[in-house]
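Only one structure is covered here, and it is reproduced in the block below.
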Amino acid sequence: MYILSISSNINAQSSKQDQSLSYTRKPAAESLAPLQQKFIDYRFGMFIHFNIPTFMDQDWADPEASATTFAPTGVDCDQWAKVAKSANMTYGCLTTKHHSGFCIWDTKTTDYNVMNSPYKKDIVADYVKAFRNNGLKVMLYYSILDTHHKLRPHQITKKHVEMVKAQITELLTKYGKIEALIIDGWDAPWSRISYDDIPFEEIYLLIKKLQPDCLVMDLNGAKYPGEGMYYTDIKTYEMGAGQRLAKEATAMPSLACLPVNGSWFWKTDFPGKAVKDPAKLIKDYIIPLNESSCNFILNVAPNREGKIDDNAVNALQEIGKLWKNEGPLKKLPALDAPVISTNLALNKPSNSSWSDDMDIMDFANDDNFHSAWVSNKTVKKPWIEIDLKERKTFNTIVIAEQKANVTEYKIEYFDNGSWKQIVNRENSKKFKFNRFNDVQGSKIRLSLLSFTEQPAITELQVYNEKR
């Protein structure tokens, strides 16, 4: 599943040697970095929101609606693909299951699917065939939130987890190579399904086992600052919800999405309404996003027949006349592997040297990057501890700062009555990822040895990654 690369990490700019062993996770078939580079080099693709909401004039469907509600009369996936090609897009991504749980493939996991609708054909199968036949790459969208099957906050069971695993397994074994799985409804304020309720690490590792080259994208990853890769292989930004790339952030492989119409799923007034201006989409989105290592995916919603309306077709053809994919983008910098595990430090008791007014130690492990523990400016050797409450195994610690002020630090863990050092490092990055051999301890302590300005730690996180 993963090849583990273990090597001593030596700072070439210093005589100080890191005391830890550093791990780099690599997918077995190909390392993550080339996959991320390939994804941003695709530059521009088509999002296709087509599911049971198409027939309700809503973006979120009634979860109790009958499967017979889904009744397209002539789904034309080849038309979708040719429209994408006309805009010089390189891939498509189809909503296999949206938030109301209706599946548009021939699934064995539930009767709530397209085979029990009047259409009775596997749309995912037709979509992947049409896009591949037109020389386009294939990606799939999948919603974790599922209101029909009661997979929602405070009601999640083991059966729900097994259903998610079974559905993802079908999608990644029945339709050939899938470039990416774009997942929605996880750890969002509107879904309230945490990465522990449906265990992210288990799902992530399942995806990589089934298709090692399949990128995992969580559409709610924008909750985390631009410099840190958490619970996704690609940073994501839903621009219609106000999410934007931070200009000052380190270059990260990213995805930004927007609908060409006024909303994601087709509405009865779409054929008579103006779509977004093609020249403006190029000038304000495609070009500047690509320059920021960000792939742009434009949603085009098929109508109730199953075809794209003329106004959207014309807009995409115009994009294709005005814009061309000029090939690979600038090379991404070396990046840390994404965090995919449970944060063992979250909301655990903490202690620290003197804080600055109200910005006390508890703000450093509250899963909120807008708050921080701020060391009092009079303290020359600041420290902060987190009590894990019991002896635990861990192998990764992440330090996130408000600004990149800390330049040297050490990390210790408490076990069998004494403190033991695991990391002593010079690192001036805003996000400091520390991966090391498994250790066991009941507390961790971060000591800040050198800093340029008053230290402010937004998050001090502890993980036990499966390796």
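The values are calculated or read from the model by the stated rules, or taken from the named source; none is laboratory data. None of these values were measured; they are calculated from a predicted model. When we count neighbours, we look across all protein chains shown, and the Cβ atoms used for this are built from the backbone with ideal geometry, even at glycine.
Scanning the range 127-145 for residues being of a type in the set (D, E, K, R) and in contact (Cβ under 8 Å) with a residue 60 or more places away in the chain gives a total of 1. Restricting the search to strands (runs of 3 or more DSSP E) fully inside the range 364-463 and requiring at least 1 residues that are of a type outside the set (S, T, Y) and within 15 Å of S352 (Cβ to Cβ) gives 383-401, 406-415, 431-451, 456-463.
Taking the numbered list (1) surrounded by 23 or more Cβ atoms within 10 Å (Cβ to Cβ); (2) touching a Phe, Trp or Tyr at 6+ places or on another chain (Cβ under 7 Å) in turn, N303 passes all entries but (1). All of G226, G262 fail the test of being free of Cβ contacts under 8 Å to residues at least 40 places away in the same chain, within 14 Å of the chain's Cα centre (by Cα) and in a loop (DSSP other than H, G, I, E, B), apart from G226. Within the range 86-96, can one find any residue that is more than 27 Å from the chain's Cα centre (by Cα), assigned to a loop (DSSP other than H, G, I, E, B) and not charged (D, E, K, R)? The answer is no; no qualifying residue exists. Out of A334, A279, A315, A274, one residue alone is surrounded by fewer than 19 Cβ atoms within 10 Å (Cβ to Cβ) and part of a helix (DSSP H, G or I). It is A279.
Please go through the range 388-402 and pick out each residue that is exposed (fewer than 15 other Cβ atoms within 10 Å of the Cβ) and free of Cβ contacts under 8 Å to residues at least 60 places away in the same chain.
Of everything in the range 388-402, those that are exposed (fewer than 15 other Cβ atoms within 10 Å of the Cβ) and free of Cβ contacts under 8 Å to residues at least 60 places away in the same chain turn out to be K389, E390, R391.
Please count how many residues of the range 376-399 are over 27 Å from the mean Cα position of the chain (by Cα) and of a type outside the set (K, R). Talk me through it step by step, then tell me what you get.
Step one: filter the range 376-399 for residues over 27 Å from the mean Cα position of the chain (by Cα), giving 376-392.
Cutting the leftovers down to of a type outside the set (K, R) gives us 376, 378-379, 382-388, 390.
Qualifying residue count for the region: 11.
Can you tell me which residues in the range 430-448 are touching a residue at least 60 places away in the same chain (Cβ under 8 Å) and surrounded by 16 or more Cβ atoms within 10 Å (Cβ to Cβ)?
Scanning the range 430-448 gives K430, F431, F433, N434, R435, F436, I444, R445, L446, S447, L448.
For the range 108-119, the criterion of a residue being out of contact with any His (no Cβ under 7 Å at 6 or more places or on another chain), without any contact (Cβ under 8 Å) to a residue 40 or more places away in the chain, assigned by TED's automatic domain parsing to the domain that holds L281 and not in a loop (DSSP other than H, G, I, E, B) is satisfied by at least one position.
Here A81 fulfils each of the conditions (1) under 22 Å from T169 (Cβ atoms); (2) touching a helix residue (DSSP H, G or I) at 6+ places or on another chain (Cβ under 6 Å); (3) small (G, A, S) apart from (1).
For the range 360-387, residues that are touching a Phe, Trp or Tyr at 6+ places or on another chain (Cβ under 6 Å) and surrounded by fewer than 20 Cβ atoms within 10 Å (Cβ to Cβ) total 3.
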